[in-house]
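One structure is given here, and the rest of the page talks about it.
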Amino acid sequence: MEIDLASTRLNGVIRQLEAGKPAFTSFIYAEKESAITFSQSPNDGVIFELEHNPWDISALRDSLQFMLNRRQMVQSGSLAPKVTPMARIPASGDEKNQWFAKQALDLGCYGIVWPRISTVDQAYHAVAACRYARLQDKPLYHPAGLRGDGPMAAARYWGLTQQEYYRKADVWPLNPEGEILVILMIEDTKGIENLDAILSQVPGVGVVLFGEGDLSQELGVPRQYDHPLVLDALAEVRRICKRHNVAIGHPHVNANNVERLLDEGFNFLMTFPLRDFSAINKGIAYAGSHTG
């Protein structure tokens, strides 16, 4: 099977966002049954939840393999998996433990979710940790890459040679050819205050995901997601992302709110409960009927 790598988009979530369409995702457990179930789901992507679950790199490796469906890939004529696997790492922004991102990317993950990003420096580090180093006189130098070189497993998982992987393993949209999605979680008032500066000064942020849980704790209304304080903060994050043309994510999407969230401009939608495929199907149908 001949693959035209120049025109093949491997990351299905990026494919949706590039086309101006919403991307539907879910947090899932790094274990076999979840991987198999979601590999056949209407999701565009999944995020293995390893922040509040144990950092089990062996379970992540096995789950990535169970996400693949060889027949589907042959029939599609593409190396792209039907559902794009990504991972949320344990380290908060101020911890700067880049090795979590390195290990997840080295296994073949197509994106990293960074919890509790609050400053420009933290955001810069998050993007840099997902990039390989390059000389300062090369294009797209900043954020300067920090990722260690160990592409063997990831290249094999993506179905590429190592040199092909190097070309594709950069962050989007900074590098239009990149297949790695950097997702920053804004989860506190400091992060909201700094978000405009983050998106102005740090290229390579693919999605901003609003963290209602942590923020509602700080505001004194824990998990009261419809509280005016939380909704006002969400509206501010949405306004800033729209101004910078950066995708905006919502972590609690269901069949009751999916149409409203699409109307409000959210385009990275995470279903909750996890297996609420009805919300995804409803959202896909609604988005399709409201195109243009």
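For segment 12-289, taking Cα atoms only, Rg and Dmax work out to 17.6, 51 Å respectively. Backbone geometry of segment 255-263 corresponds, through the Karplus equation with coefficients 6.51, -1.76 and 1.60 at θ = phi - 60°, to 3J(HN,Hα) couplings of 5, 7, 10, 4, 5, 4, 5, 5, 5 Hz, x marking Gly and Pro. The amide H of Met270, built 1.01 Å from its N in the peptide plane, has Thr25, His250, His252, Val253 as neighbours under 5 Å, considering only residues 5 or more places off or on other chains.
Within a 10 angstrom radius of the beta carbon, how do Lys242, Lys96 rank from fewest other beta carbons to most?
Values: Lys242 12, Lys96 15.
Result, fewest neighbours first: Lys242, Lys96.
Evaluated at q = 0.19, 0.21, 0.28 Å⁻¹, a Debye calculation over the C-alpha positions of segment 1-77 (equal weights, vacuum) places log10 I(q)/I(0) at -0.92, -1.05, -1.29.
Kindly put Ile57, Ile280 in sequence by how many other C-beta atoms sit within 10 Å of each C-beta, fewest to most.
On the way: Ile57 16, Ile280 23.
Arranged by neighbour count, lowest to highest, Ile57, Ile280 become Ile57, Ile280.
In this Cβ point-charge picture (+1 for Lys and Arg, -1 for Asp and Glu), segment 4-109 has a dipole of about 420 debye about its Cα centre. Across the options Gly283, Gln162, Ser216, the greatest Cα extent toward the positive end of the charge dipole of segment 12-289 (unit charges at beta carbon of Lys, Arg, Asp, Glu) belongs to Gln162.
When each pair of different Cα atoms in segment 168-238 is counted once in the 1/r mean, what is the Kirkwood radius in angstroms, to one decimal? Walk me through the intermediate numbers first.
Values: mean 1/r = 0.0765 Å⁻¹.
By the Kirkwood definition, the hydrodynamic radius is 13.1 Å.
Under 5 Å from the amide H of Leu209 lie the amide H atoms of Leu184, Met185, Ile186, Gly249, each residue being 5 or more positions distant or on a separate chain, with H modelled from the backbone and absent for Pro and chain starts.
Applied to segment 71-80, the Karplus parametrisation 6.51 cos²θ - 1.76 cosθ + 1.60 on θ = phi - 60° returns per-residue 3J(HN,Hα) values of 5, 4, 5, 5, 5, 7, x, 9, 7, 5 Hz, with x for Gly and Pro. Computed 3J(HN,Hα) for segment 174-182, one whole-Hz value per residue from the Karplus formula 6.51 cos²θ - 1.76 cosθ + 1.60 where θ = phi - 60°, is 3, 9, x, 8, x, 10, 9, 9, 9, glycine and proline marked x.
Quick query: amide H of Thr84 versus all other amide H atoms, modeled in the peptide plane; which residues come in under 5 Å with a sequence gap of 5 or more or a different chain? For Thr84, whose amide H was placed from the backbone, the distant partners under 5 Å are Gly12, Val13, Gly45, Val46.
Taking the Cα centre of the chain as origin and assigning +1 to Lys and Arg Cβ atoms and -1 to Asp and Glu Cβ atoms, the resulting dipole is close to 760 debye. Ranked by how many other Cβ atoms sit within 10 Å of their own Cβ, fewest first, the residues Ile36, Ile192 fall in the order Ile36, Ile192.
With r defined as the distance between the Cβ atoms of Val120 and Ala153 and R0 fixed at 30 Å, what FRET efficiency is calculated, to the nearest 0.05? Intermediate results must be reported in sequence, preceding the final value.
Details: r = 32 Å, r/R0 = 1.08.
Given R0 = 30 Å and the Cβ-Cβ separation, E is 0.40.
Can you give the relative contact order of segment 1-117 as a percent, counting alpha carbon pairs under 8 Å and 6+ residues apart?
In percent, rounded to a whole number, it is 26.
Quote to one decimal, in nm, the extra length available between Arg167 and Glu95 on full extension: 0.36 nm per residue of separation minus the C-alpha distance between them. Spell out each step's value before the answer.
Numbers: separation 72, 0.36 × 72 = 25.92 nm, distance 2.90 nm.
The span from Arg167 to Glu95 would gain 23.0 nm if fully extended.
Dipole orientation for segment 190-234: of the candidates Gly191, Ala233, Val205, Val205 has the Cα lying most toward the positive pole (charges on Cβ; Lys, Arg +1; Asp, Glu -1).
Read the figures in this text as sums done on the coordinates, not as results from a lab. Worth saying up front: this structure is predicted, and the values here are computed from it rather than measured. As a convention, Cβ positions derive from the backbone with ideal geometry for all residues, glycine included, and neighbour counts pool all protein chains shown.
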